[in-house]
Each structure stands twice: as structure tokens, then as C-alpha cells.
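Report on one structure; see the data block that follows.
Please treat every number below as a calculation from the coordinates, not as lab data. None of these values were measured; they are calculated from a predicted model. Neighbour counts are summed over all protein chains in view; Cβ atoms, including those assigned to glycine, are modelled from backbone coordinates with ideal geometry.
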Ligand SMILES: O=C(O)CCC(=O)C(=O)O
Ligand SMILES: [Fe+2]
């Protein structure tokens, strides 16, 4: 990367963070024009998300694929993750493994670690979306809560936890009046989204495994949030469905669908307390590393189930880490990988 291109990319990212799309595009276009691969990757990501540039997932995938064919190993890796998720292209697990293997052969340490994590869990063969659905234990009838014990390998949990650690920030809730995201004392834990750029095939394999457990297509799984609760931090009583009676949520509900289920993966278990509590039934679940809990938020006809009221109780000692997503009734867009 030339020094000039690096400075232009930094400027573009700063403009983006301030919400100045015009200046962001001007700076990035100049860096792209110099042929700089990092600039071209950044432009492809914004094109994928529809951030600053118009959204065009296919063009984004093609740009990444061209860079990969030119020997750019970061593009091989990103292209592999896009192939796995089917972002801008057809889902293609064999092609994803192939791209990641090429990146590893080029000496990419991230790609090597990814492949050895897949290999260590015997996940190197079939697309995880085709695996047998894991076996469920019914934990609660009202609300419906299923537990899938130890379905995510502990090494994968650690990988996800570590990939999220640099991005942790204060958690938000949705304001029922405006639909905006606001900080709220009811949610004192921290949260991160791992952007596609920092995702690996492990992130895909986890989403695919969860989709099997929830018996839904992978594209109905919302990009997950990684939650961290330090001692005393909590996510107080709440619902995860989108309330159809709140006008501010109507557009989102139409575009992205209802949140029918909440899958939670416990990424660690070295803490005291920190159960997931179901307030209407007075029960709580304490997860072990790799356990998947699936809570049903809706009844027949995707109507909200008010029995689904739940909370993340505070750990009294240690840190609790959770992978948290939602199953929606409609396919999710690539741009959600950068939004909370
Ligand atoms: O951390 C927990 O146990 C609950 C998390 C939760 O309710 C959520 O992510 O929506
Ligand atoms: Fe929740």
C-alpha cells in the first residue's frame, strides 16, 4: 500500500464515521484510482453493505474475486467467507474452502487458523448447513425453550470471543417511540458485531449449525451480536420480538420480518451467576461452553408471545460471553453485518 493510499483510506473511514458520505467516497475513489488493493477491498465492502456507495452485492463479490485472482490473499479470505454465506454469489462451501486454502497456502495466518479450527472439529467436508440437525432437550414449554448441549466446539467459541474482543462497546436498546437505538440502564453489558471483514468460515459454520437447530435457512439468521457481561452487568427483563403495535417498528418489520426465535450460544462458563432467566415461569438456565439455547418469541401466526419475557442475569464473579442472534421470517441483508 502506498503511503498516500493509506492516508486516503484513513480519511475516507473518518468521513464515513462522521456520516459524510460525499467526502468518504471522494477520498476512497482517489485511493482506488491508484490501484491500491486495500482501497479496492474497502470500496467492495461499502458496495456490499450499500454504505456510501449504492448497494450492489454482485459487483462487490466480483471486485473481491478479481483481487483474489490477482493473488491478493486478504481478498481470497474475504471471498471465501462471502462464498460460504452466499453474499453476492451462490452459496458454495467447496469454493469457500478452496479460497481459504489458497489464502493459507499464500501464508495467511488467519486463513491457516481458520482451516485448522474446521479440521479440528471434523468440519472440513460437507457444508455445515447440510449437517444433521442437532438433538434438542426441551427445557421449558411456556415459553418454549430448547437446549442443544455442547453443539458448538469449545475452540470455536473461544475463536468467536477473541474475534469480538477488540470491538466491544456499550450495548443499546431500541426506543419504542422513535425506533432509534439508545443507551439504556436496563442493558449494562457490552456488545460487538464482528464485521464480515473480520469473520472467518467458523462464523459461517456456527450460523449454519444454528440454522439447522432452528430448522430455518442460514439467511434467516441475523448477524450475531457478541455480548460480554462483566461482574454486576445485566440485560434486564425484555422481549426479543418486534412489537407490531409500535408504529416506529413497522418499516423494519416489513423489510426484515419478525424475530420468531432467539438463539444464544454460551461462549464460556468460567463465571458465577449470569443465568438466562425466564421471568414468567420463574426458571433460569445456566449455560456451559458450546451450549445453544433457542427461545421462541412468537406463537402461531408470528404473533408475539408475552410469556417469552427474559433476562441475562448479572454474573457475580468473572465475565460471561454470549453469541446472540435472532431468527427472522425474511432473508437478512449483507449490510446488516456492519449495523447494530
Ligand atoms: O445473556 C443472556 O443470557 C440473555 C441475552 C439476551 O436476552 C439477548 O441477547 O437477547
Ligand atoms: Fe433477549
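Numbers for the structure displayed
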item	result
Net length gained if the chain between residue 155 and residue 58 were fully extended (0.36 nm per residue, minus Cα distance)	31.6 nm
Principal-axis tilt of helix 37-49 within the chain, Cα atoms, nearest 10 degrees	40 degrees
Shape category assigned to the stretch 3-120 from the gyration tensor of Cα positions, a/c cut at 1.5	prolate
Degrees, to the nearest 10: 109-120 long Cα axis against longest axis of the chain	40 degrees
Fully extended contour minus Cα-Cα distance, from residue 29 to residue 329, at 0.36 nm per residue	104.3 nm
Between helix 201-214 and the chain: long-axis angle, C-alpha atoms, 0 to 90°, nearest 10	30 degrees
Estimated distance in nm for a label pair at residue 197 and residue 10, the labels positioned 7 Å out from Cα along Cα-to-Cβ	1.5 nm
Overall form of the stretch 130-338 per C-alpha gyration tensor (a/c, 1.5; a/b vs b/c)	rounded
Efficiency of FRET from Cβ geometry, residue 21 and residue 249, R₀ 30 Å, rounded to 0.05	0.70
Helix-only mean residue ellipticity at 222 nm for the chain, each DSSP H run of n ≥ 4 adding -39500 (n - 2.57), per residue, nearest 500	-11500 deg cm²/dmol
Residue exposure sequence - 203, 310 - by fewest surrounding Cβ within 10 Å	203, 310
Part-to-part distance (alpha-carbon centres) for the stretch 1-67 and the stretch 86-142, which is given in Å	28 Å
